[in-house]
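Novice: Just passing along the structure, written as structure tokens.
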């Protein structure tokens, strides 16, 4: 069982944030976006409760348990394979729909229904996305009413595109494609790619710093560019824009700043999520060569946080002076025990593993371990390694019932079940 060095920092503004570190080189595992293309048999399914290799034809959900929250080191869980796909990197669910929608890095969105993968893609962008190291189809979200599907991908030129499609009868209507956001990417790595509709009904878009190493143009600290930022928009058109900038975004009206920005100073936010019970925001932000980190903002946040990159890598000095007001991570860990790129996850709010209630699960793409922490007042109060190992841990997912899933770039989609 791997150990992690965790550092909790209470921010001066009353809540803490965390950031993650990973290497410069846009090669597999470096820079944060899972990029390898492994083939062959699926990963070994290991957990404290033993081994479970339930195949993709399984139609049963996780067994229920009445257990309440437990000390994290007493929780026993296992991985149940519910589907196999090609390089899965993201998962989303849709209101009133029992399917799991999974993104394949090469350009397809697939639906998993009743334990079976629909052979016809929900959306197929194969040939319209770049397939380099950290590129591809990277993110997916459904509008709160389920009538629209949004994807985040890098186009053949390597630039970020966020596109909206009408969704009905289990398919995205390709003829309704509407480009919502176009962002030029100066380098091939650090594209971010996640999409989330927050509890406020807004669309949150995480973008990396544009790539290379050590953010050579200091874009993450430049409020005049969208790179290295967390964006918050309303996808409804407004004037000449294909979206609306919410009037309560923190930089609206500030000279030289983009109004879409909610927070800044990110290196490569690879998976972020909101706690469905508290609205707290957790961000897995990939670091440079030494440290991986997680950022945390309480649900009461009014935005404007500076996560510190590139001056800070985790809670450590990296490049230049620390910006005034920069906030350190709620936790970080060294790469010296096999980690290379953090994979952000979710706070568990399901019913099947009651002992995990309120715990945030995350992991590392290279190490493959699944870790859990609880926080109180913006500080880590408890942490544990859950004893699960996912080769090429590319992403986590959450279904409508609050149950959590772990995705392997090798092909497996696992549900986290009680052991």
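Every number here is computed from the coordinates shown, using simple stated rules; none is lab data. Because the structure is a prediction, the values reported are computed rather than measured. Note that each Cβ is placed from the backbone with ideal geometry, even for glycine, and that neighbours are counted across all protein chains shown.
Novice: Does residue 132 qualify as being closer than 20 Å to residue 205 by Cα and assigned to a loop (DSSP other than H, G, I, E, B)?
Specialist: No.
Novice: Please pick out the residue among 262, 282 that is buried (at least 24 other Cβ atoms within 10 Å of the Cβ), over 16 Å from the mean Cα position of the chain (by Cα) and outside any loop (DSSP other than H, G, I, E, B).
Specialist: Of the residues listed, the single one that is buried (at least 24 other Cβ atoms within 10 Å of the Cβ), over 16 Å from the mean Cα position of the chain (by Cα) and outside any loop (DSSP other than H, G, I, E, B) is 262.
Novice: Among what's in the range 327-370 and is in contact with a helix residue (DSSP H, G or I) (Cβ under 9 Å, 6 or more places away or on another chain) and farther than 13 Å from residue 398 by Cα, pick the residue that is surrounded by the fewest Cβ atoms within 10 Å (Cβ to Cβ).
Specialist: 355
Novice: Another question, if that's okay. With respect to the numbered conditions (1) within 18 Å of residue 297 (Cβ to Cβ); (2) more than 16 Å from the chain's Cα centre (by Cα), which one is the sole condition not fulfilled by residue 354?
Specialist: (1)
Novice: Further question on the same structure: Tell me, which residue of the range 295-323 that is assigned to a strand (DSSP E or B) and touching a residue at least 60 places away in the same chain (Cβ under 8 Å) is surrounded by the fewest Cβ atoms within 10 Å (Cβ to Cβ)?
Specialist: 306
Novice: Against the condition on the phi > 0 side of the Ramachandran plot and in contact with a helix residue (DSSP H, G or I) (Cβ under 6 Å, 6 or more places away or on another chain), how does residue 228 come out, does it pass?
Specialist: Yes, satisfied.
Novice: If we keep just the residues of the range 136-167 that are buried (at least 19 other Cβ atoms within 10 Å of the Cβ) and part of a loop (DSSP other than H, G, I, E, B), which is nearest to the chain's Cα centre (by Cα)?
Specialist: Going through the qualifying residues, I end up with 136.
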